[in-house]
Amino acid sequence: MNNIAIIIGSTRPGRKGKTIAHWVHEIARQRKDVTFELVDIADYHLPLLDEPNAPALNQYTKAHTKAWSKRINEFDGYIFVTPEYNKATSGALKNAIDYLFNEWNNKACGFVGYGMAGGTSAVENLRQIMGELMVADVRAQVRVSIFTDFEQDGTFKPAAFQEGSVNAMLDQVISWSSALRVLRDK
């Protein structure tokens, strides 16, 4: 059975990503064909990349990198919940991704972007990064708008169609992560 991480891609105080990730997790947990786990990059306290060796060498020297590597390596695929900051993903998520290389390879991922335009630019930024890491990103994505999916008091209230968007993305991540198992098992 595949194990998929739902990665909370922001460490910012008051971040909306944690609430959105929990909502995605609740939808995902209804499935019986795969397991899903929340992974919060804030829990790993990763400083700006401080490893002396290239991640592809797997010669980690820091305890925080070894813990992050072990955790990410456990998964067959990923759902990245990313804010959009200045037309890109968060610096914290980019930093966390850059710590590793082999742990990401030959897996699948999907995206849940959020921001003024549904996090579209952040997702496009991540698609380029995933290609370099040999991660197959799926077409279906979730676009959460801070204007239409949140109430004026900041309460998350996604539009009714959003659950269908989540399920379409999950379907693709599950099937692609299963298909890529052949490469991971080599």
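The values are calculated or read from the model by the stated rules, or taken from the named source; none is laboratory data. What you are looking at is a predicted structure, and each value in this text was computed from that prediction instead of being measured. Heads up, the Cβs are rebuilt from the backbone with ideal geometry, glycines too, and the neighbour counts pull from every protein chain shown.
Taking the stretch 140-167 as the search range and keeping residues that are in a loop (DSSP other than H, G, I, E, B) and of a type in the set (Phe, Trp, Tyr), which one is farthest from GLU26 (Cα to Cα)?
PHE147
Kindly establish whether LEU93 is more than 22 Å from ASP171 (Cα to Cα), modelled with pLDDT of 95 or more and assigned to a helix (DSSP H, G or I).
Details: more than 22 Å from ASP171 (Cα to Cα): yes; modelled with pLDDT of 95 or more: yes; assigned to a helix (DSSP H, G or I): yes.
Here the answer is yes, as LEU93 does meet what is asked.
Just to verify a result, which residue in the stretch 31-89, among those that are out of contact with any helix residue (DSSP H, G or I) (no Cβ under 7 Å at 6 or more places or on another chain) and of a type in the set (Phe, Trp, Tyr), is farthest from ASN102 (Cα to Cα)?
That would be TYR85.
Among the residues of the stretch 145-186, what is the count of those that are of a type in the set (Phe, Trp, Tyr) and touching a residue at least 60 places away in the same chain (Cβ under 8 Å)?
Looking only at that region, the number is 3.
Which residue, of PHE101, PHE150, PHE80, is surrounded by fewer than 22 Cβ atoms within 10 Å (Cβ to Cβ), among the aromatic types (Phe, Trp, Tyr) and under 26 Å from VAL34 (Cβ atoms)?
That would be PHE101, the only listed residue that is surrounded by fewer than 22 Cβ atoms within 10 Å (Cβ to Cβ), among the aromatic types (Phe, Trp, Tyr) and under 26 Å from VAL34 (Cβ atoms).
May I ask you to list the residues in the stretch 4-23 that are of a type outside the set (Gly, Ala, Ser) and over 11 Å from the mean Cα position of the chain (by Cα)?
Answer for the stretch 4-23, where residues must be of a type outside the set (Gly, Ala, Ser) and over 11 Å from the mean Cα position of the chain (by Cα): THR11, ARG12, PRO13, ARG15, LYS16, LYS18, THR19, ILE20, HIS22, TRP23.
From the list SER145, SER178, pick out the single residue that is more than 17 Å from the chain's Cα centre (by Cα), of a type in the set (S, T, N, Q) and within 19 Å of LYS18 (Cβ to Cβ).
Sole residue among the options that is more than 17 Å from the chain's Cα centre (by Cα), of a type in the set (S, T, N, Q) and within 19 Å of LYS18 (Cβ to Cβ): SER145.
Which is of a type in the set (Gly, Ala, Ser) and more than 18 Å from ILE6 (Cα to Cα), of ALA136, ALA168, ALA179, ALA140? Reasoning before the result, please.
Values: ALA136 fails: more than 18 Å from ILE6 (Cα to Cα); ALA168 fails: more than 18 Å from ILE6 (Cα to Cα); ALA140 fails: more than 18 Å from ILE6 (Cα to Cα).
Going through ALA136, ALA168, ALA179, ALA140 in turn, just one is of a type in the set (Gly, Ala, Ser) and more than 18 Å from ILE6 (Cα to Cα): ALA179.
Taking only pairs six or more apart or across chains, which ones have beta-carbon atoms under 6 Å, a first residue in the stretch 85-105 that is of a type in the set (D, E, K, R), and a second residue that is surrounded by fewer than 20 Cβ atoms within 10 Å (Cβ to Cβ) and not in a helix (DSSP H, G or I)?
That search, which allows pairs on different chains as well, returns ASP98/LEU49.
Out of everything in the stretch 1-32 that is small (Gly, Ala, Ser) and at pLDDT 95 or above, what residue ends up being farthest from ASP43 (Cα to Cα)?
Only one residue tops the list, namely ALA28.
Determine if the stretch 58-72 includes at least one residue that is crowded, with 21+ Cβ neighbours inside 10 Å and part of a loop (DSSP other than H, G, I, E, B).
Within the stretch 58-72, none of the residues are crowded, with 21+ Cβ neighbours inside 10 Å and part of a loop (DSSP other than H, G, I, E, B).
Which ones in the stretch 116-147 are farther than 20 Å from GLY77 by Cα and buried (at least 16 other Cβ atoms within 10 Å of the Cβ)?
Result: GLY118, GLY119, THR120, SER121, VAL144, SER145, ILE146.
Would you mind finding the one in ASP50, ASP43 that is outside any loop (DSSP other than H, G, I, E, B) and at pLDDT 95 or above?
Criteria check complete, one pass: ASP43.
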